[in-house]
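Asks: Let me begin by handing over the structure; questions about it come next.
Nothing in this text is a laboratory measurement; each read-out follows from the coordinates by a stated rule. Owing to the predicted nature of the structure, the values given are computational and were not obtained by experimental measurement. Note that we place each Cβ from the backbone using ideal geometry, even for glycine, and neighbour counts take in every protein chain shown.
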Amino acid sequence: MSDAGNAYAAVLVDMRAKRAKLDEAISLMESMASEAGVSETMGAADIRSDTFFNLSVPQAVKKYLGMTGKVPKSPQDIMDALTRGGQTQATYTNVYTALKRSPNLQKVPSGEWGLSEWYGGVKKPAPKKGKAESAIDGADDAQES
């Protein structure tokens, strides 16, 4: 083997040893994340056919957004990902309803959605009270007087 061939061989041996150490470190971190309650350590590109199987739509939405690396997504993108991941109830309406109702999800100016924790825990504004709710609140106030 030539000197150049020996050099390549030595570099490959070194790289394989480092890869083995990285694989061990990754495995350890995945284990620690699991113990800490982190439910998913995959990236958005790693959606398997069962990634969202047996999760409710709100649970699946939160899990998916957690996989995106802090990149907000449109309701359509979320619906498509959930469907790919085995969530059988992921219609546009169900996904949008989950987005609107969850205090852990935040709509950004682009119209996309992300986890509230990405934005400093920004809370959604309180929902506007309907006529029936206002009437009930008014009745409660009258009874307290």
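Asks: Taking R0 as 35 Å, what FRET efficiency do you get between E117 and N6 from their Cβ-Cβ distance, rounded to the nearest 0.05?
Replies: It comes out at approximately 0.10.
Asks: Kindly list the residues of the stretch 65-84 that lie in the label zone of M32, defined by a backbone N under 16 Å from the point 7 Å along the Cα-to-C-beta vector.
Replies: Under cut-off, by backbone N: nothing.
Asks: Stretched out fully, how many nm does the piece from M15 to S49 gain, at 0.36 nm a residue minus the Cα gap?
Replies: Gain on extension, M15 to S49, equals 8.9 nm.
Asks: Still on this structure, please answer the following. Taking the Cα centre of the stretch 50-129 as origin and charging only Cβ (+1 Lys, Arg; -1 Asp, Glu), how large is the dipole, in debye to the nearest 20?
Replies: For the stretch 50-129, the charge dipole is close to 460 debye.
Asks: Using a Förster distance of 30 angstrom, determine the FRET efficiency expected from the C-beta separation of A25 and N104, and round it to 0.05.
Replies: For R0 = 30 Å, the calculated efficiency reads 0.50.
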